[in-house]
Amino acid sequence: MKYYPVYLDITNKRCVIVGGGDVAERKAERLLDFGARVTVVGTTLTPLLETMKREGRIEHIHADYDDAFIGDAFMLIGATDRDDINARISLDGKHKGILVNIVDDPVKCDFILPSIVQQGDLSIAISTGGKSPALAKKLRKELEMSYGPEYEALLNVLGKLRERVVARGHSSDENRQLFDAVIDSDILQHIKNKNWEQVKKIIYEITGVEIEVDE
């Protein structure tokens, strides 16, 4: 099976997790990080999920699974330890046109969740097509060593620069050459060393644009 890589905007979309254990906890944390409205269905919750419930960060339906709970969901995640319940979740979700993920069971999924390296708005997704989560985890740890916090700072600088450069109205080819030149310079090393004056100097010399950088 081949999966089509895509990034979804789940802001304010209702995402339902069935199960209240450690796996459900991790899934809830990740969904909340990206702005989803999270509902957890289950008769027991981990202490952290209980805290999320008290704080109003998640909705909790204290009940065993029923398809009545998923009608308006955008995404459905099955995180129970029962194959029969997970199979029902998968069938119900697909019947209702809801995106379904069943943890550790790619055959029952519409989508699988990659392992993610995150530095601010920079995200690197790693997938093995469901064949080896252990390898995906290993690769994530290796990439985290290569792409540290300096890449978050670089991306913030490039975002500010892009706004200023594009606003000048030059052609896309001209702008691309400037962006490539900035990225190919030694700007990343200066960011890593927190040499912000040199960062601003490099940008100005290449693009003619002055920007403020977060020190």
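For the stretch 78-85, state whether one or more residues are in a loop (DSSP other than H, G, I, E, B) and hydrophobic (A, V, I, L, M, F, W, C).
Yes, the stretch 78-85 contains at least one residue that is in a loop (DSSP other than H, G, I, E, B) and hydrophobic (A, V, I, L, M, F, W, C).
Looking only at the stretch 65-77, how many residues end up being out of contact with any Asp or Glu (no Cβ under 6 Å at 6 or more places or on another chain) and either over 11 Å from V41 (Cβ atoms) or not in a loop (DSSP other than H, G, I, E, B) (or both)?
8
Closer than 29 Å to D72 by Cβ, in a helix (DSSP H, G or I) and hydroxyl-bearing (S, T, Y): does that describe S90?
Against the criterion (closer than 29 Å to D72 by Cβ, in a helix (DSSP H, G or I) and hydroxyl-bearing (S, T, Y)), S90 qualifies.
One line per residue, one yes/no per condition, for (1) surrounded by 15 or more Cβ atoms within 10 Å (Cβ to Cβ); (2) within 21 Å of V107 (Cα to Cα); (3) acidic (D, E):
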| site | (1), (2), (3) |
| --- | --- |
| E25 | yes, no, yes |
| D33 | no, no, yes |
| T39 | yes, no, no |
| K53 | yes, no, no |
| I61 | yes, no, no |
| D66 | no, no, yes |
Report task. Residue by residue through the stretch 50-66, note down the ones that are under 12 Å from G19 (Cα atoms) and touching a strand residue (DSSP E or B) at 6+ places or on another chain (Cβ under 6 Å). Result -> H60, I61, Y65
Report task. Inspect all residues belonging to the stretch 145-155 and state whether any of them is more than 20 Å from F34 (Cβ to Cβ), assigned by TED's automatic domain parsing to the domain that holds I10, in contact with a Gly (Cβ under 9 Å, 6 or more places away or on another chain) and surrounded by 16 or more Cβ atoms within 10 Å (Cβ to Cβ). Result -> no
**Report entry** D64, sole failed condition from (1) within 27 Å of D84 (Cβ to Cβ); (2) touching a residue at least 24 places away in the same chain (Cβ under 8 Å)
**Finding:** (2)
Query raised in the report: Just for the stretch 116-141: of the residues that are closer than 22 Å to L154 by Cβ and basic (K, R), which one is surrounded by the most Cβ atoms within 10 Å (Cβ to Cβ)?
Result: R140
Query raised in the report: Among the residues of the stretch 83-111, how many are loosely packed, with under 13 Cβ neighbours inside 10 Å and not acidic (D, E)?
Result: 3
Query - Enumeration of residues in the stretch 156-180 that are exposed (fewer than 14 other Cβ atoms within 10 Å of the Cβ) and either among the small types (G, A, S) or touching an Asp or Glu at 6+ places or on another chain (Cβ under 8 Å) (or both) - result: G159, A167, G169, S171, S172
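Residues that are in contact with a helix residue (DSSP H, G or I) (Cβ under 7 Å, 6 or more places away or on another chain) and among the aliphatic types (A, V, I, L, M): which helices (runs of 4 or more DSSP H) entirely in the stretch 99-208 hold 3 or more of them?
149-167, 172-184, 187-192, 196-207
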Query - Subset of the stretch 1-37 that is in a helix (DSSP H, G or I) and among the aliphatic types (A, V, I, L, M) - its residue that is nearest to P114 (Cα to Cα) - result: L31
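The values are calculated or read from the model by the stated rules, or taken from the named source; none is laboratory data. Source: prediction; values computed, not measured. Cβ: placed from backbone, ideal geometry, glycine included. Neighbour counts: every protein chain shown.
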